[in-house]
Structures are given as structure tokens and as C-alpha cells.
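Here's the structure we're looking at; comments come further down.
The values are calculated or read from the model by the stated rules, or taken from the named source; none is laboratory data. These figures come from a predicted structure and were not determined experimentally. Here Cβ is always computed from backbone atoms with ideal geometry, including for glycine, and neighbour counts include all displayed protein chains. Keep in mind that these areas ignore ligands, DNA and RNA; they rest on the heavy atoms of the full protein, side chains included. Shrake-Rupley method; radii C 1.70, N 1.55, O 1.52, S 1.80 Å.
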Amino acid sequence: MEFIADLHIHSYLSRATAKDLNLEYLNLWAKLKGIAVVGTGDFTHPRWFSELSEKLEPADEGLYKLKPEFAAQTAPMVPPRCDAPVRFLLSVEISSIYKKNGKTRKVHNVILVPSLGVAEKINARLDQLGNIASDGRPILGLDSRVLLEIILEVSDEAVLIPAHIWTPWFSVLGSKSGFDSIEACFEDLTPFVFAVETGLSSDPAMNWRVSSLDGFSLVSNSDAHSPANLGREANVFNTPFSYAAMMAALKGQPPNGFLGTLEYFAEEGKYHFDGHRKCGVRLSPSETRKYLGLCPVCGKPATVGVMSRVEALADRPAGVRPQGARPYVSLLPLTDVLSEVLQMGPKTKKVSAAYKKLLEKVGPEFEILRYTPTSVLDETGIPLLAEGIRRMRAKQMHIAPGYDGEFGRIRLFEPGEHKTLLGQRQLFAVPRQLSQKRQGSKARAPLFAKSLDPLAPAPGIVEQRIETVSERTDSWVEPSSGDILDSLNPEQRRAVCHRGGPLLIVAGPGTGKTRTLTHRMAHLLATETARPEQILAVTFTNKAANEMAVRLKALVGEPVSARVTIRTFHGLCLDIITAESGLWPAGVKPWVSGTDDSLALMRAAMKQVSEAAGRPEQALARVSLAKQRLLGPEDDLSAVFPASAHLLNRVYKAYQGLLRENGALDFDDLILVVVKGLENDPTLLERYQRRFAFISVDEYQDVNHAQYRLVRELAPSDHDLCVIGDPDQAIYGFRGADVRFFERFSEDYPGALTVYLRQNYRCTETILRVSGQVIQAE
């Protein structure tokens, strides 16, 4: 199960934190954000530990949930679309200040534990060594290695994660008081440290330059000091709700248990660049070297930020990605996007009202930022929201990096651009003024653009583009979108790149249908338009599904391709039936009867009816056709079988009864059950429409009525639906296929784009011409 976790936060008992940073509001904001597991923070503080003991109750293994009476206090503030379970994992940040190797060290570490009992024992040990009641994040004169030794003595399940490892003042690798390696800090106990936190001012790509970090999982957390800042950074897991499973995933067991991180834009972090805040001076690493590490205004030492510190310890060039490195995605908080769109402060009432409206209409914040199609965002009534989200996803923005404790500033729009864009009739046609033309397939738009005047550095300091910024590699897949497009012809490329609505691809034999579909899916992933779980590809045979899966794996790699759903129509419906207790008993996989078993059951059904109903093969074929028309034994079959409807109804009913007695479904039941379920259960329908936001259907000319209705249910008219086929190749008429569904696609989906694939890679022109004449003659 994929879920988001933010494991490093604080309580209202830490310094400089919000008064409402309590469990009730953490539970509320986790729901609003779409976060499933939240660290408690501050469990060493006696008062907070008492609140944890009072308000939490055990949930899943090693995790807790808020008791109902406390959760009820903020429940009315949760939009229905955001109401999902939230779990708490016990955590605390410890500040260690101590002398080591002749230097004062100031290191922050996050401690995670599986139970209140373990937390209580750790608290008792630490209380003997320092004042743990003075602050939610206690300051102890304790060597980090000794701290790790203590928690491991209490419980071998306890985990220590070095916090925000690059922050200048308080971190294990910080420029002011840190070490040059994790090993130098934790010495012989380093093997017990299996994850490090990258912090707001760095991203995984920066950390990949330091080979000594290769053995650690790179995690990201919000370090939230207010509930609204929950999820500024977070982690994506694919495990059961379980403390042990999550920790094992961070150790790489299984390899796909920890999927990656959701990142703040590192440039926005308040220690990304070097500089001197008092003088308003922001310096890139090259400028810091130019000024010999001194502020060019006052001559005092500049604060050396994360980027410079990474360069100092790096032993790899920018752009290198180690084997096994987890992917990441950089996002802006939704309130920041709304602030840009509405031209109001992120904490204003207008932005808060728009935020609430969006969550009520669409769902949790992370759903909006990551997955919601811009076509849906355009319908929310918030002008330019879709364009703002699109630019954020495409990283088309102006950034003035953070420095010396000052957060960076990001702009999505040029001055005066709002008025120009709002004056246009169609927001879908907004010119992408900030995009950069490619200079070859590997080129990227520069990460930074020159600051706007309000964000400019102090007089006399010229802000430059950063020479050290590498090609960004924060996609969920390895290849760039340019790599995927390179081998396609113009028509294929047009089909692959189309977004924002239904697409019909007319493709004759040998024109690369499977290639086009798989490249389209890969391009959706490479451009971060879709996550793997949102993509569904449906075809008719296991062979075709397997071929599609193999090709997609070659394009994006197995960890990603394995999370894309590629099924036959019947395989997809079997998955849905097995998963949904309303369609079939939960956790029980139905037995699907084969032809011989179905015939045996039909013979038994006909004996029950005790009337001459013809041959069992004929009766089974008629029942099959009825099911393909989505007709049950209780429906009027006279329109399909006028001469034998009454008798067939009785045989059909007896046959279905025998299937149920044997815990079975036949082949045609699979689609019938799912379509009826989707039609009768709006909640189920909405869940699968939201899950499969990007659907591709192969050989669409061969769909029958039931398959057609399944596609129509899963993909409403505004869905990103791509169907491909050739009406001249309809071959499955014996299964109820009707080529008219292909021909009426544009009627079913008004405004759909039609693309014709004409270039043939299989046949000579002579053969094509002759075969075309034969088809026309038919």
C-alpha cells in the first residue's frame, strides 16, 4: 500500500512553534494534506508524553491513532474527500552539543521508537543526563554516538536518523559544527544508522554527489513548527501500516518498500546559498570563493550554506545518480501556489478560502499538487490555478535562493503576466513564456532565472545563474521525456504528447500501435504528468499485455513499470472483484470456471429446469451473449432471443445459482459484475475513476458492449483516455465485438483528438497497396 509519511515534526512545547501544534490539529492537517503517518515529535517532554499517553491508542503494529473523542474535535473541519485514516509514529528530535576531536559539535538527531513503553524507558535514561523538560527538543551535552548507544540498549527496534544533515549550525555534516562524514560522528555504531535526512535546503540529487552517503536511505521530513507546515517534505512508502515494515523499507527490505521523497524546492530552503542576512547579501558558491568567504558589504564571514558544503565534500560531478537511488519530486506548498495565482499573501483569508474550496472539490493537497489533471483544476473557478500548477510541475519559475536563515523566494509569473493571461479567452492556450527550447535531447531549462527586482540582492552584488546546478533528475523514472520521444515519427510523437482529453489513434497494421501506447505511458511518467499507479492499459490477450509490460519496463525500469496496471479486460475485472468486498467476499479470490466446467454446470442447470432447452453448448453461448449485453437472468431477454427468452431465463437463473454454490464466476461474469458494481455504487465508481486517471485501450475496434460500458464508466468524457485500433481489422465478432463503438468514439467523447498512424514498419508499399485494395473490396 502506497502512503505518505512525515516523521520529523514538533509540538507546541518546542521553542518557536505554534500554539495549536497539538495532536488534534496534527490529525486534522494530515488529513488535509493527504499524509497517512505522522511523527509525534517531542516524546521526551514529560507534559507531551503525558498527552500522547492520554490521547493516543494502539492502531497498527507500532503505530497509534487519535482516540475518537479527541479526533471528533476537528472532524467537522475535514472535507469528505480528505477524510482518511491517520497514524502516529513516536518520534523526537534531540539536540546534542558536545566537544569531539577538539571542536564543538552541534548535531540534531531524530529518534523513532515502536511504543510508548520504549519511549518511556528512553526518557528515563535521558532524564539522568540532562534537562528533558525544558524544551520539546531537548538540548543535551551528549555525544551522538553515545545517544545512539543508549537508545539501542533500550530497544534494538529504536532508530536514529541524523536530522537535516547539511544545515550549517546544527547537523552532522554542517559547515559550522559538523563532521566530514557520518562515520566520523557515529564511529563503530555507524552500521546502525541506515537513513539520513536531507533537509529543506538540499535535495537527493545534491546528496548523490557524495559517495559516502550511498549506503543510506535519503529521507525528507517537514520539521514542522506549525500544523499547516506538515508535509513540506515527506516520504513515500509502499508497505503495510507498520513501524517494523517502514523501518525495514528504509533498510531496503524489500527494495520497493521505500519509493522516494516529496521535496521542498531545495533553492527555497533558508540555507541553500551562502550569504549575510544583515547586509542582504546572497552569494552563490562561486561568488563566495570570489570574495574569499567574506561578505562584500561588511567584510565579516558569510554563512556557508548547503550548496557550498555539498561541493566541499562531493567526490562526484553534478548529475551522477548512484545505482539504487530513490527518485524524488519537488513541490511547492499549495498555499504558495494560490498566493502566486491570487497575488495575495499565503496566510491571507482569501488564500485560506481558496485552499478550503479546492480541498472540498478535489481532495487532499498532495493529490492536487501531484496528480490532478490541469483540466480538472481549470474547472475549480480559481483563475490561473491550472497554469500555476502546470508551471510548478514543469519547474518553470523564477527562484531567488534562500541564504543565512532567510527562506528563498519563488515566482511562477512575470510582473504583469496575470493581466495578460486573464485576458485570454482560453486558459488552455496560455503561452508558455518561461519554457526554454531544447538544445538537443539532453538539454534542460536552467533551474534559476535572474531575480525580479523585489528579490534582488543588495546593491553592488550581482546575482548570477548557478554554474553548478546539474541536469535535474527528480523524475519518478530514469529516462528524460526527450529520450522517449527521440525514436518516434511525427504522428506517433503527436499521439504520445497529447494531453488534456480523449484521444483516438487510428493505426493500421505495422504502424507501431504497441510502441505508441507504451511510449505514451512512459512519457506520462517521465514528464511527471502521472504516477505509475494512475496508469491503466487494457488489451485483449495475455500475450499482448505481457508484450506491453516488457516494452514499458525497457523504457522506465522495472520498479516503476511494475506499478503500472497492464491487464486484459477480464484480468482487470478479476483484480477489482477480488479487492472489493461489495462485489465478492473480501480477501477471497473467486474461482473462474473454464469452458469444460461451465458446460458441466450448464448441463446440471438444464436438468434442474427439466425442459428441452437444446444443447448445453448452445445454451451456454446464449447466456454468454446475454452477459456481454449486460443482461442478467432477471432481465427481459426477448429482444435478444425472442423465441426462447422465457426458457433461457430459467436456465440462466439455474446456471447462475450453481456458479454461486461453487464459489465461481464464469468468464463473462467478470466484466458484468464490475460494470454493474460501478453503475450502482457511486463511491466505488469515483474511487476507480480517481485511481485510473490515465487509461489506454488497445484494439478498441474489438470491444463488445460490456467492455465498451466498462471503458465508459472508468473514463468519463473529461478523462485522459487513449484508444487505439483500426476499424478495418475488427476480427472478434464472434465475441460480440461491435466496430461501431470505435466509429462513434468522437460522439461519445466530443472534442476528442484523432491521430492517424500511417508510416508502416512491417510491409512494403506494394503489399500495403494491394491489401488496402482487398480491404476496400470487402
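Sum -39500 (n - 2.57) across every DSSP H segment of at least 4 residues in the chain, then divide by the residue count to get the 222 nm mean residue ellipticity, nearest 500. List each step's numbers first, then the result.
On the way: 31 runs with 284 residues, N = 778.
Here the helix-only value at 222 nm equals -10500 deg cm²/dmol.
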Nitroxide proxy distance, nm - points 7 Å out along Cα→Cβ at Asn760 and Glu61 = 5.9 nm
Gain in length, Arg47 to Glu153, computed as 0.36 nm per residue apart minus the alpha-carbon separation, to one decimal in nm?
-> 35.7 nm
Computed over the chain, protein heavy atoms only, probe 1.4 angstrom, the accessible area per residue in square angstrom equals 42 Å²
Where the accessible area of the chain is counted over protein heavy atoms with a 1.4 Å probe, how much of it, in %, is carbon and sulfur?
-> 52 percent
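If you average the sequence gap of Cα pairs under 8 Å that are 6 or more apart and divide by the length of the stretch 635-734, what percent do you get for the contact order?
Details: 72 pairs, mean separation 23.4, N = 100.
This gives 23 percent for the stretch 635-734.
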May I ask you to derive the FRET efficiency for Glu187 and Ser286 from their Cβ-Cβ distance with R0 = 60 Å, giving the value to the nearest 0.05?
-> 0.95
Angle, helix 144-154 long axis vs. longest principal axis of the chain, Cα atoms, 0 to 90°, nearest 10?
-> 60 degrees
Separation in nanometres of the label points that stand 7 Å from Cα toward Cβ, at Asp748 and Asp214 = 5.1 nm
Just in the stretch 41-92: which GluC sites (Glu not before Pro) are loop by DSSP and have at most 15 other Cβ atoms within 10 Å?
-> Glu61
Apply 1/(1 + (r/R0)^6) to the Cβ-Cβ distance of Ile97 and Ala621, taking R0 = 60 Å, and write down the FRET efficiency to the nearest 0.05.
-> 0.15
Quick one: which of 541-549, 396-404 comes out on top by average Cβ neighbours within 10 Å, and what's the full order, highest first?
-> 396-404, 541-549
Could you check the simple spin-label distance between Leu129 and Arg15, using points 7 Å along Cα→Cβ, in nm with one decimal?
-> 2.0 nm
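Relative contact order of the chain: what whole-number percent is it, with Cα pairs under 8 angstrom and at least 6 residues apart?
Details: 1484 pairs, mean separation 75.3, N = 778.
Rounded, it is 10 percent for the chain.
May I ask you to order 240-253, 347-360 by the average number of other C-beta atoms within 10 Å around their residues, highest value first?
Values: 240-253: 18.1, 347-360: 16.2.
For the peptides 240-253, 347-360, the packing ranking is 240-253, 347-360.
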Compute the long axis of helix 513-526 from its Cα atoms, compare it with the longest principal axis of the Cα atoms of the chain, and write down the angle in degrees, 0 to 90, nearest 10.
-> 20 degrees
Taking r as the C-beta separation of Ala604 and Lys543 and R0 as 41 Å, the FRET efficiency to the nearest 0.05 is 0.75
Nearest 10 degrees, 0 to 90: helix 645-661 Cα axis against the chain principal axis | 40 degrees
